[in-house]
Amino acid sequence: MWDNHQALNQVADWLFALAGLTAIYLMVQWTIHLPLLPLKEVNIRSNSGSGELRHVTREQVSDAVHREVGGNFLTIDLEAARRTFEKLAWVRVASVRRIWPNGLDVVVEEHVPLAHWGDSALVNRQGEIFNATSDEPMPIFEGPRESVREIVHQHAVFTRLLQPLKQDVEQVELSPRRAWRVRLGNGTILELGREHLEKRLERYVQTHDLVVARLNQRLSYVDLRYVSGFAARGTR
């Protein structure tokens with residue numbers, strides 16, 4: 001072999017290549033573990049036109065970064081960082097990218113609340129339940145969690161049908177047996193049952209003024225589950 005100059009040259013080339021790759025690897029590892037390029041700045045903004053955040057605070061972001069986001073500019077796991085920011089109560093979706101030489105740019109879509117989910121959470125406009133609290137006046141939704149999107153849809157339908165009476169929907173309930181109940185802002189409870197919801201609510205809207213005039217009272221409870229009419233109870 002020692003007399004085979006071609007084989008010796010190939011071995012030498014291979015050793016030089018191996019040495020070069022080893023040097024590159026060591027250089028990369030050395031650079032990564034240097035106390036250089038630490039993360040110094042996290043810019044977080046909304047994906048809305050103004051970029052202003054309504055609910056997510058700088059303190060929440062700072063706590064999340066110090067608690068869960070590790071590494072420097074080169075080593076940070078952007079996917080893990082994204083998941084960390086999406087754990088914040090009001091963040092629906094987040095995206096994260098590096099800003100040379102020591103920053104992160106975080107763009108978030110905040111939840112836009114539509115209603116309270118019972119007394120423990122909120123529902124956004126996409127029909128998703130998220131764990132947050134709000135003092136804003138909003139309707140209350142109650143029902144099986146898997147039916148939340150259906151409840152959001154029916155709330156929109158009920159609101160549209162009640163517009164002629166200028167009555168607001170304060171609460172929508174869907175029972176485990178799929179019976180619907182609506183409480184209005186004036187306190188009236190509408191029992192809609194499990195079928196023909198729109199037809200029954202239209203009947204209520206069309207006859208509301210006549211019934212109120214006959215009873216000479218505000219309606220407190222209306223049972224719309226009858227085939228050709230409804231039962232109403234008034235209160236002074």
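The values are calculated or read from the model by the stated rules, or taken from the named source; none is laboratory data. Everything numeric here is computed off the predicted structure, so don't read it as measured data. Cβ sites come from the backbone with ideal geometry, for glycine too, and all protein chains shown count toward neighbours. These area figures cover heavy atoms from the full protein model, side chains too; ligands, DNA and RNA do not enter into them. Shrake-Rupley method; radii C 1.70, N 1.55, O 1.52, S 1.80 Å.
Quick notes on this one:
- Simple Cβ-charge dipole of segment 88-162, Lys/Arg +1 and Asp/Glu -1, about Cα centre, in debye nearest 20: 300 debye
- Neighbour-limited loop hits for GluC sites (Glu not before Pro), segment 165-236 (at most 13 other Cβ within 10 Å; DSSP other than H, G, I, E, B): GLU195
- Summed residue charge, Cβ within 14 Å of PRO176's Cβ, Lys/Arg positive, Asp/Glu negative: +1
- Mean Cα-pair separation over length for segment 96-140, i.e. relative contact order, pairs under 8 Å, 6 or more apart, %: 26 percent
- The figure for LYS199 is an accessible area of roughly 130 square angstrom, using a 1.4 Å probe on the protein chains alone.
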